[in-house]
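The values are calculated or read from the model by the stated rules, or taken from the named source; none is laboratory data. Values in this document were obtained by computation on a predicted structure and should not be read as measured data. Because the Cβ atoms are built from the backbone with ideal geometry, glycine has one as well, and the counts that use them run over all protein chains shown. Protein only, heavy atoms only, side chains kept; ligands, DNA and RNA dropped before computing areas. Shrake-Rupley method; radii C 1.70, N 1.55, O 1.52, S 1.80 Å.
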Amino acid sequence: MTINYRDLLVSSLPFSMPLRVYIEDTDAGGVVYHSKYLNYMERTRTSWLEQITGAFDILEKKNLIFVVTSAKVNFYKPARLRNYLSAKIENIEIKNASILLKQSIFIKENKPENIESEILSSQADISIALVDQYTFKLKRIPL
C-alpha cells in the first residue's frame, strides 16, 4: 500500500500544542528571547511530523531529513515568564521538495470571567526542504 503523504500532511492540520515559558527562555526582565520563538516553532513542527504515523521512521530509513531553508518571523506581543502558550501550524503548501508553513505562537490569557483567550505573540512563514542527510541535496517528497 502506498502512503499519500500530501493527504496525510494536510489532514493533520490545524495542529496545536501547549507550551510554557520557563526562566531559561527569558532575559533578566522576564521577556522571551526572540530566538526562542524559533525553538518553539521547531518543537511544534517536530511534534506535528511525529504524529503522522511512521513519517520520521520512513524518512530516516531513506536517509532523508527536513531542514529549514527560510524563516520570516513577525513579533506582535512579547511572551513573558510563566506564560502559557499555544503553538500552531495552521496552513501549509506542499511543493515537490519543500513545504511552506504558517506557524503562530499565541499567549493564553485568562480573562476575569474565566474565559480563556489567545493573543497572537508571533507568526512565521517557514519553509522546510527534504534533503539527503549526508549530501544535503534536495529530494522529492514522496506523495
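Yes or no: GLU93 over 18 Å from the mean Cα position of the chain (by Cα) and more than 20 Å from GLU50 (Cβ to Cβ)? Spelling it out, it is not the case that GLU93 is over 18 Å from the mean Cα position of the chain (by Cα) and more than 20 Å from GLU50 (Cβ to Cβ). For region 119-139, the tally of residues that are surrounded by fewer than 16 Cβ atoms within 10 Å (Cβ to Cβ) and under 19 Å from ILE107 (Cα atoms) stands at 3. Applying a threshold of 8 Å to beta carbon distances and a minimum spacing of six or more residues, or different chains, the list of pairs starting in region 64-75 at a residue that is in contact (Cβ under 8 Å) with a residue 60 or more places away in the chain and ending at one that is open to solvent by 70 Å² or more (accessible area, probe 1.4 Å) reads LEU64/LYS139; VAL67/PHE136; VAL68/GLU42.
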